[in-house]
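Inspection log for the structure reproduced underneath, given as structure tokens.
The values are calculated or read from the model by the stated rules, or taken from the named source; none is laboratory data. Keep in mind that this is a model prediction, so the values were computed, not measured. Cβ sites come from the backbone with ideal geometry, for glycine too, and all protein chains shown count toward neighbours.
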Amino acid sequence: MTDSKSPSSPTKKPLLQLLGPGLLYAGAAVGVSHLVQSTRAGAEFGFILIWAVILANVIKYPFFEFGPRYAAATGKSLLDGYKKLGTWALALFIIMTICTMFIVQSAITVVTAGLAQQLTGIVLAPWQWSGILLLICSVILGFGRYSVLDKLMKVIILVLTTTTVLALIAAFFADVPQSEDFMTTFSWDNKLHIFFLVALVGWMPAPIDISVWHSVWAVAKEEETGNLPVLKEVLLDFKIGYWGTTLLAICFVALGALVMYGTGEELSASGGVFARQVITLYTSGLGGWSYFIIAVAAFTTMFSTTLTCLDAYSRVVGQATTQLIPKSSDGSGKNRYLQWIFILVAGTMVLLIYFLDNMRTLVDLATTISFLTAPILALLNHFAVHSKSFPPEARPGPLLKIMSWVGILILTGFSVYYLFLQFNAS
């Protein structure tokens, strides 16, 4: 890849112009993993599991970085990298994605629905609120696609970051009583603690699938703006989004620890009740004035995730199936995109209408599946950027290569340990 065709050098571009796919990544990542799982970690274990949040982000860093790296170096998404590894790799990715995307979208949307109800005061069944939200997202994506998503996400992330930081600052100065009776510690001998840790790490900072989404968004930005991707710019955009979500995850753990830990309040498995508990517990500790800040931060977090996941799944599966079966292409990328939006929305609504009875179980199932598939996706990403077809000058350095192998070993080992605990009779 040559940078000579790029209209301007990386150093001359305003920061907001450089930002794009990295913020879409942040919008997709900061959702269930942060608002639900990170808050639960703080509420149930205090600050103890912050180490798990930091370690998960460090371990998974290479695999997320490989997505934008591949896009910048080749002008194509990681789907192209998978196909070059062999048809089997692309087919495996499609199978894993289709098998998980309806559960993931359902888990994300039902949490967002609970928050929408609390924010507006309009009481509807969870599937009804979910349908309204999915319809709004579909309209946004159907008419605007990447350009609208890119602009909207910059506003959403700004609101999210500002309100979360304000809430955390207020929490540090709030006088929240805590009871020693409810002080608990994490134990490696407790299966329930291990299972929660798996659910926490599964989507911390996000499922590794998002590395593929990021590469697809990077290519989409290039196509809409006409600017060739420059590796240095793309990685700067990625790092701002990635480490920004890491800090936000720590903020949510801290909020849960400072405001909920030791209160004796058990977090509900119902999406609507959970949303009310989060907002009520925060406002009871921080004061009624903070209700709007907490409600907006929470809803913004989840709506951004619902929107970006709906876009990414539809965009990625449409492109992946076309690459795997070229004859399936009807000549219109937008038509395929809209078709998959319809399929994903329809499948999600079926799950929510007929099979939703426990929000927390659905969330834990989705995050655990992502945890177990992480080693496979990590290997595919590693081989994609270390293959002979990948430009040598853009390949990761020795440190990143070592981090990648260490991360693969840790994710694989922890997955085996989890499966052992799951199927080993106590």
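Remarks
- Annotation note: of ILE343, ILE369, ILE402, ILE353, the sole residue that is modelled with pLDDT of 90 or more, aliphatic (A, V, I, L, M), in a helix (DSSP H, G or I) and under 30 Å from LEU35 (Cβ atoms) is ILE343.
- Check on VAL363, surrounded by 24 or more Cβ atoms within 10 Å (Cβ to Cβ), within 26 Å of GLY67 (Cβ to Cβ) and modelled with pLDDT under 90: yes
- Each residue in the stretch 61-83 was checked for being out of contact with any helix residue (DSSP H, G or I) (no Cβ under 6 Å at 6 or more places or on another chain) and of a type in the set (Ser, Thr, Tyr), and 2 of them qualify.
- Test: residue in the stretch 340-347 that is more than 30 Å from LEU134 (Cα to Cα), without any contact (Cβ under 8 Å) to a residue 60 or more places away in the chain and surrounded by 15 or more Cβ atoms within 10 Å (Cβ to Cβ): no
- Across the stretch 288-310, not a single residue is classified as outside any helix (DSSP H, G or I), modelled with pLDDT under 80 and surrounded by fewer than 21 Cβ atoms within 10 Å (Cβ to Cβ).
- First in the stretch 182-193 and farther than 13 Å from ALA41 by Cβ and among the basic types (Lys, Arg), second anywhere and modelled with pLDDT under 80 and part of a loop (DSSP other than H, G, I, E, B), Cβ under 9 Å, 6 or more apart: LYS191/SER426
- Residue list for the stretch 203-257, restricted to those being under 22 Å from LEU411 (Cβ atoms) and not in a helix (DSSP H, G or I): TRP203, MET204, PRO205, ALA206, PRO207, ILE208
- Test result for GLY42, under 19 Å from LEU247 (Cα atoms), at pLDDT below 75 and not in a loop (DSSP other than H, G, I, E, B): no
- Hits in the stretch 111-142 (condition: under 19 Å from the mean Cα position of the chain (by Cα) and within 12 Å of ARG276 (Cβ to Cβ)): GLY114, LEU115
- Residues of the stretch 117-159 that are of a type in the set (S, T, N, Q), modelled with pLDDT of 80 or more, over 14 Å from ILE341 (Cα atoms) and out of contact with any Pro (no Cβ under 9 Å at 6 or more places or on another chain): GLN118, THR120, GLN128, SER130.
- Qualifying residue in the stretch 228-243 (condition: out of contact with any His (no Cβ under 8 Å at 6 or more places or on another chain), at pLDDT below 75 and of a type outside the set (S, T, N, Q)): yes
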